[in-house]
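Enquirer: The structure under discussion is supplied below as structure tokens; questions concerning it will follow.
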Amino acid sequence: MSERTTLEVIAPTVEEALAQGLSQLGLSADAVSIEVVDAGNKGLFGLGGRQVRVRLTVRGSGEIPPVVTESAPASKPDPKPAPVQKANPKPEAAPVPPAAPEAHDPLLDTTQAVVSKLLSMMKLKAQVSARFTEESTDDRRDIYVDVRGEDLTALIGRHAETLNAFQYIASLMVGKETQQWVQLVVDVEGFRSRRERQLKQLANRMAEQVVQTGRRGSLEPMPANERRIIHLELRSHPAVTTESTGEEPHRKVVVVPKE
């Protein structure tokens with residue numbers, strides 16, 4: 001027997017979680033069993049609380065009522081003749097209990113709840129998932145938070161200024177909630193990875209231009225985290241070096257030919 005399909009959904013209420021889950025599965029409520037894994041709480045002053053976590057399990061074969069449509073052809077009788085002697089009917093197999101839920105890391109659960117709460121306060125609807133990064137250690141908990149949804153451009157802002165501010169606030173809230181230092185990297189629809197690739201390409205194009213002309217080249221003003229990507233990309237370049245000049249928020253990277 002194949003494993004049953006399960007889906008966990010996090011939302012402000014059980015009703016919203018159920019509606020989202022049924023929409024994703026494309027099923028009606030009578031085709032799934034519903035389990036409230038975490039009833040959530042409102043948190044302190046309405047902030048930092050946990051959202052509801054609901055698990056939907058698609059019922060096994062024979063439990064979903066058949067869907068009858070007008071165009072469905074009538075079922076044909078079985079051409080095989082019935083056996084002369086009736087076999088004793090076998091007792092139905094006992095239903096297989098659902099697998100025990102996987103252990104959830106409390107820190108990741110808190111992170112997802114905090115980010116989801118902030119998004120809700122901004123009137124943005126999105127799915128939030130969190131995982132530890134490869135650099136994360138017992139002493140330094142680095143968490144990557146992936147936010148997916150529709151029309152989230154307002155969360156990014158110019159040069160990711162809004163996203164960086166959101167990330168900073170979320171880090172403070174998670175740290176306060178868990179009483180430990182937590183470094184979050186909040187990404188929206190893969191924006192940060194795409195932006196990093198663009199910056200690396202920009203850095204290498206500017207380096208080629210500086211090598212060809214022998215003159216310094218300046219990039220547009222960038223926030224500190226983006227300037228760092230430029231510096232790291234060109235730090236091993238044999239013909240150029242980099243430096244940052246100017247004052248915030250107009251500080252920028254200058255690519256300089258090596259003497």
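The values are calculated or read from the model by the stated rules, or taken from the named source; none is laboratory data. Because the structure is predicted, anything quoted here is derived from the model rather than measured. With ideal geometry, Cβ positions are generated from the backbone for all residues, glycine too; neighbour counts draw on all protein chains shown.
Enquirer: For Thr162, only one of the following conditions fails: (1) in contact with a Leu (Cβ under 7 Å, 6 or more places away or on another chain); (2) within 23 Å of Phe132 (Cβ to Cβ); (3) free of Cβ contacts under 8 Å to residues at least 60 places away in the same chain. What is its number?
Expert: (2)
Enquirer: Here's something else I'd like to know. Run Met122 past the list (1) at pLDDT below 85; (2) more than 22 Å from Glu196 (Cα to Cα) and report the number of the one that doesn't hold.
Expert: (1)
Enquirer: Across region 247-259, which residue is surrounded by the most Cβ atoms within 10 Å (Cβ to Cβ) among those that are more than 34 Å from the chain's Cα centre (by Cα) and within 22 Å of Glu196 (Cβ to Cβ)?
Expert: Going through the qualifying residues, I end up with Val255.
Enquirer: Residue pairs, Cβ under 6 Å, 6 or more apart or interchain, first in region 179-194 and assigned by TED's automatic domain parsing to the domain that holds Tyr144 and farther than 18 Å from Glu150 by Cα, second in a strand (DSSP E or B) and not β-branched (Val, Ile, Thr). List them.
Expert: Once the first residue is assigned by TED's automatic domain parsing to the domain that holds Tyr144 and farther than 18 Å from Glu150 by Cα and sits in region 179-194, its partners that are in a strand (DSSP E or B) and not β-branched (Val, Ile, Thr) give Val182/Arg141; Gln183/Asp142; Val185/Tyr144.
Enquirer: Do we have Asp151 as among the acidic types (Asp, Glu) and under 16 Å from Thr111 (Cβ atoms) here? It would help to see each step written out before you state the result.
Expert: Numbers: among the acidic types (Asp, Glu): yes; under 16 Å from Thr111 (Cβ atoms): no.
So Asp151 fails the test.
Enquirer: Among the numbered criteria (1) assigned to a helix (DSSP H, G or I); (2) closer than 19 Å to Arg228 by Cα, which single criterion is violated by Ser171?
Expert: Here Ser171 clears every test but (2).
Enquirer: Then there's this: Is it the case that some residue within region 202-210 is in contact with a helix residue (DSSP H, G or I) (Cβ under 6 Å, 6 or more places away or on another chain) and of a type in the set (S, T, N, Q)?
Expert: Scanning region 202-210, I find no residue that is in contact with a helix residue (DSSP H, G or I) (Cβ under 6 Å, 6 or more places away or on another chain) and of a type in the set (S, T, N, Q), so the answer is no.
Enquirer: Which one is surrounded by the fewest Cβ atoms within 10 Å (Cβ to Cβ) among residues in region 165-178 that are without any contact (Cβ under 8 Å) to a residue 12 or more places away in the chain and small (Gly, Ala, Ser)? Walk me through how you get there before you give the answer.
Expert: Keep residues of region 165-178 that are without any contact (Cβ under 8 Å) to a residue 12 or more places away in the chain, which gives 165, 168, 172, 175.
Of the ones still in play, those that are also small (Gly, Ala, Ser) are 165, 175.
Values: Ala165: 11, Gly175: 16.
My answer is Ala165.
Enquirer: List every residue pair whose Cβ atoms sit under 9 Å apart, with the two residues 6 or more apart in sequence or on different chains, where the first one lies in region 223-251 and is within 15 Å of Ala160 (Cα to Cα) and the second, anywhere, is assigned to a strand (DSSP E or B) and not aromatic (Phe, Trp, Tyr).
Expert: Final answer for the pair search is Ala224/Ser244; Glu226/Val253; Arg227/Thr242; Arg227/Ser244; Arg227/Lys252; Arg227/Val253.
Enquirer: Does Asp146 qualify as being in contact with an Asp or Glu (Cβ under 7 Å, 6 or more places away or on another chain), surrounded by 13 or more Cβ atoms within 10 Å (Cβ to Cβ) and over 21 Å from Val9 (Cα atoms)? Break it down stepwise before answering.
Expert: Details: in contact with an Asp or Glu (Cβ under 7 Å, 6 or more places away or on another chain): yes; surrounded by 13 or more Cβ atoms within 10 Å (Cβ to Cβ): yes; over 21 Å from Val9 (Cα atoms): no.
Judged against the criteria, Asp146 is not a match.
Enquirer: Please find, within region 184-232, the residue that is farthest from the chain's Cα centre (by Cα) out of those that are of a type in the set (Asp, Glu) and not in a helix (DSSP H, G or I).
Expert: First pass over region 184-232, keeping only residues of a type in the set (Asp, Glu): 187, 189, 196, 208, 220, 226.
Retained after the next criterion (residues that are not in a helix (DSSP H, G or I)): 187, 189, 220.
On the way: Asp187: 8, Glu189: 8, Glu220: 30 Å.
Per the criteria, the residue is Glu220.
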